[in-house]
Amino acid sequence: MIPAAYAELNLNALQHNLDKVHNCAPGAKVMAVIKANGYGHGLIRIAEALKNADAFAVARVDEGIRLRKAGFSHRITVLEGFTCAEELQEMQHYQLDSVVHCLAQLDIFNAGAGQQAIAIWLKLDTGMNRLGFRAEEIHEVYQRLSDCPLIKQPISLMTHFANADDISDNKTLKQISLFKQTVAGLPGECSLANSAAILGWETSLSDWVRPGIMLYGISPFSDATGQQLGLKPVMSLHSRLIAVKQVDAGDTVGYGGTWRCEKATTLGVVAIGYGDGYPRYAKAGTPVLINGRLVPLIGRVSMDMMTVDLETQSDAKPGDPVTLWGEDLPVEEIALWADTIPYTLVCGVTQRVQLVEKQHDC
């Protein structure tokens, strides 16, 4: 039975997108970012499809443990690091690499938690003002970490960009310059570039790159789609029509009556809503594909259903296929209509949406 709402995953597209990373950053090692359940695509599934990557990055310790228990032997970096001795001990046991970004972590190391040494990434805050040490702190912290027997040497160094998705903003160049000046002379590999930097800031390329959203075929830039950048979308979201009905001129549609029919209207009801992860705040006019043809969203998206105007599809009937985003309807476009970013859409697909793997030719 075809489920009411399902997401189809083109796993071959992942390798195509990984190849794009290699083309943009020749010679760099690739740390594939698969946090947040593989950006909503499934952690273990995505790791298996990206097994040719040099390493993985996750946000939290439990994600790294899941990968180890699933049999992955890659280097795995935990981007948020550890916050207590128990987490450090878990990282030691499962040999997960940790980002070190605050003095509290040094205190945990100094307390001698666990016995096994682990690899770390020392994070420099070059302007994101989230995690990381300030430039004037780095050399002292680096020395303290170099003297710690629980840390494998040499120490690796990293930073994260705040505005790399805006090519017109020179803040990224300032962050690159600050990072390079600060770590000059320190041994150890470096990593600066996320997806936007890989695609847009060549001077950010270093020993390691950390692609995230581009691996899933999605653009990190607001003015382009992944396909326009030579990427292939991995996820497409689908449902079906469950009703077709006539409403009169002057009638309202949906909760709150926010959409009023200017004329007699044929509308279709689609079996998907915010309970499946489709954005509630998608505006009237948001494009939807019925039988491969565009129709506009009308009325508010509700938990389980949404409505579309079928004026251009007089032959539409219950059971007809619906695409909410995919190869022919970029998720980036839907995000613009919903005043959000595509990250939130793919990460927000809920558990009741069945994920279906389908192999496609790339």
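The values are calculated or read from the model by the stated rules, or taken from the named source; none is laboratory data. Worth saying up front: this structure is predicted, and the values here are computed from it rather than measured. Every residue, glycine among them, receives a Cβ derived from its backbone with ideal geometry; neighbour counts consider all protein chains shown. Accessible surface is based on the protein model in full, side chains and every heavy atom, while ligands, DNA and RNA are left aside. Shrake-Rupley method; radii C 1.70, N 1.55, O 1.52, S 1.80 Å.
Remarks
- Yes/no for residue 8 being free of Cβ contacts under 8 Å to residues at least 60 places away in the same chain and not β-branched (Val, Ile, Thr): no
- Test for residue 309: is it of a type in the set (Asp, Glu), touching a strand residue (DSSP E or B) at 6+ places or on another chain (Cβ under 9 Å) and open to solvent by 80 Å² or more (accessible area, probe 1.4 Å): no
- Just one of the listed residues (47, 59) is within 18 Å of the chain's Cα centre (by Cα), surrounded by fewer than 19 Cβ atoms within 10 Å (Cβ to Cβ), at pLDDT 95 or above and within 27 Å of residue 131 (Cβ to Cβ), namely 59.
- Leading residue by the ranking (farthest from residue 357 (Cα to Cα)) among those in segment 25-44 that are modelled with pLDDT of 95 or more and open to solvent by 40 Å² or more (accessible area, probe 1.4 Å): 26
- Looking only at residues of segment 93-149 that are in contact (Cβ under 8 Å) with a residue 12 or more places away in the chain and basic (Lys, Arg), we find that the one that is nearest to residue 67 (Cα to Cα) is 123.
- Any pair with Cβ under 6 angstrom, 6 or more apart, that starts in segment 47-67 at a residue that is touching a residue at least 40 places away in the same chain (Cβ under 8 Å) and ends at one that is among the hydroxyl-bearing types (Ser, Thr, Tyr) and open to solvent by less than 90 Å² (accessible area, probe 1.4 Å): 57/77
- Among the candidates 219, 239, residue that is touching a residue at least 60 places away in the same chain (Cβ under 8 Å), open to solvent by less than 20 Å² (accessible area, probe 1.4 Å) and not in a loop (DSSP other than H, G, I, E, B): 239
- Condition met for residue 311 (closer than 22 Å to residue 8 by Cα and not basic (Lys, Arg)): no
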